[in-house]
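Below is a structure I'd like to ask you about.
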Amino acid sequence: MISVGIVGGTGYTGVELLRLLLKHTQVQVRVLTSRTEAGKRVADMFPSLRGHTDLEFSDLDLDVLKQCDVVFFATPHGVAMQHAQALTEANTKVIDLAADFRLQNLEQFEKWYGMQHACPELLKDSVYGLSELNREQIKNANVIGNPGCYPTTVQLGLAPVLKAVQDLIKPESIIIDAKSGVSGAGRKASLGMIYSENADNFKAYGVAGHRHHPEIVEALENISGKKGVFEQIIFVPHLVPMIRGMLSTIYVDLTEAGAATDLQALYEQFYANEAFVDVMPAGSSPETRSVRGANQLRIALHKPSPNKLIVLSAQDNLVKGAAGQAVQNMNIMFGFAEDEGLAGIGLLP
């Protein structure tokens with residue numbers, strides 16, 4: 001049994017973490033912090049948790065957090081890096097669901113997030129927490145940078161072709177057309193997120209540039225082992241009028257070798273032993289509702305012509321795209337069964 005702290009317990013990812021961890025047989029949630037709700041019972045704010053926890057929100061107390069085995073930061077960018085050094089020195093592991101430990105390139109981090117990194121040396125030792133691809137490094141990590149939601153769909157959608165011995169795709173041709181529910185923007189009051197602004201509406205955003213673009217580029221470079229070939233990828237996110245769910249449609253040009261490869265068999269073999277990645281039959285179309293509430297990512301492949309590949313990648317942005325993957329990383333770090341606390345089935349309808 002390990003003790004857990006959650007910093008930032010009132011946001012969507014914070015309460016999603018708590019929902020998952022309360023079902024985990026090897027975890028005791030010791031502390032749940034909130035800057036604005038200290039002293040309030042969690043169940044009073046989130047009635048779905050009535051009868052499942054007696055926790056109250058508390059102020060952030062570093063001495064209390066140091067008594068935990070692991071601390072999750074479900075906070076805005078820039079918070080985790082202010083406390084990670086002190087926690088790791090106390091032998092407390094850190095899993096950050098924001099961007100503080102995602103990008104190794106400090107110049108890109110400062111450009112896209114508008115702040116200097118508070119602990120660049122600790123960043124060098126951190127591990128990017130894409131569970132299926134970085135499992136061995138995660139086992140020994142003290143600090144995990146949990147991937148962004150969009151980058152998770154893209155990396156798992158392209159990893160099999162990028163890790164192949166032969167060059168199967170043309171990296172410069174990659175186009176990522178991605179859609180997310182409004183919970184991806186977090187639980188905050190803003191005009192663009194209110195119901196009347198989003199219902200019966202569908203729009204692109206971040207077309208001129210999005211923070212997940214440099215993360216996707218750096219991650220694909222690490223997966224493929226090739227530098228400088230992914231800068232020209234096109235990534236356009238869209239906001240759709242639903243709460244949860246994310247679907248990325250990835251268009252790629254195939255090389256001659258890629259056109260001659262049985263890509264369906266390649267993907268099925270690559271993910272054969274992965275509990276949370278489902279390669280669907282060729283020509284399928286994964287639906288976001290099939291993974292709602294589950295730590296599952298579903299992939300389907302289409303070849304509209306011999307030299308073209310379309311990868312469809314669907315997940316729940318709050319689970320596999322955030323809190324679920326964070327718990328999956330924790331399980332790997334502490335040697336628990338990887339699906340502990342994560343065996344829930346998607347909610348349909």
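With each pseudo-label sitting 7 Å past Cα toward Cβ, what's the T25-A86 distance in nm, one decimal?
3.7 nm
For the range 211-333, rounded, prolate or oblate, judged on the Cα gyration tensor with a ≥ b ≥ c (square roots of eigenvalues), a/c < 1.5 rounded, else prolate if a/b > b/c?
Since a/c stays below 1.5, the shape of the range 211-333 is classed as rounded.
Past 27 Å, Cα to Cα, is the threshold; run K40/K66; K203/K226; K139/K320; K66/K163; K124/K227 against it and keep the listed order.
K203/K226; K66/K163
While we're on this one: Can you list which of the chymotrypsin sites (Phe, Trp or Tyr not before Pro) found in the range 262-349 are DSSP loop residues with at most 13 other C-beta atoms within 10 Å?
When the chymotrypsin sites (Phe, Trp or Tyr not before Pro) of the range 262-349 are filtered for loop state and at most 13 Cβ neighbours within 10 Å, nothing remains.
Summarise the accessible area of the range 24-159 (1.4 Å probe, protein heavy atoms) by the percent that is carbon and sulfur.
Result for the range 24-159: 41 percent of the exposed heavy-atom area is carbon or sulfur.
While we're on this one: Output the 0 to 90 degree angle, nearest 10, between the alpha-carbon long axis of helix 80-89 and the longest principal axis computed from the alpha carbons of the chain.
Helix 80-89 sits at roughly 70 degrees to that axis.
To the nearest 20 Debye, how big is the dipole of the range 1-114 about its Cα centre, given +1 on the beta carbon of each Lys and Arg and -1 on that of each Asp and Glu?
With only Lys, Arg, Asp and Glu charged at Cβ, the dipole is about 340 debye.
Return one number: the angle in degrees, 0 to 90 and rounded to the nearest 10, between the long axis of the Cα atoms of helix 324-334 and the longest principal axis of the Cα atoms of the chain.
Once rounded, one gets 70 degrees.
On to the next question. Averaged per residue, what accessible surface does the chain expose to a 1.4 Å probe, in Å²?
Ligands and nucleic acids excluded, the figure is 44 Å² per residue.
Still on this structure: Rounded to the nearest 20 Debye, what is the dipole magnitude of the range 70-164 about its Cα centre when Lys and Arg each give +1 and Asp and Glu each give -1 at the C-beta?
For the range 70-164, the charge dipole is close to 260 debye.
How about the range 1-72: which trypsin sites (Lys or Arg not before Pro) there lie in a loop by DSSP and see at most 11 other Cβ atoms within 10 Å?
R50
Would you calculate a helix-derived [θ] at 222 nm for the chain, using -39,500 (n - 2.57) for each DSSP H run of n ≥ 4 and dividing by the full residue count, to the nearest 500?
-7500 deg cm²/dmol
If you don't mind, another one. Any idea what angle helix 149-162 forms with the longest principal axis of the chain, computed on alpha-carbon atoms, 0 to 90 degrees, nearest 10?
Relative to the chain, helix 149-162 is tipped by roughly 40 degrees.
Right, another one. Pick out, in residue order, every one of the trypsin sites (Lys or Arg not before Pro) in the range 115-217 that is DSSP loop and has at most 14 other C-beta atoms within 10 Å; say none if there are none.
Passing both the DSSP loop test and the Cβ count: K163, R187, K188.
The values are calculated or read from the model by the stated rules, or taken from the named source; none is laboratory data. A quick note: this is a predicted structure, and the numbers were derived from the prediction, not measured. In this analysis, Cβ positions are derived from the backbone assuming ideal geometry, glycine residues included, and neighbour counts consider all displayed protein chains. The accessibility values were calculated without ligands, DNA or RNA, using every heavy atom of the protein model including side chains. Shrake-Rupley method; radii C 1.70, N 1.55, O 1.52, S 1.80 Å.
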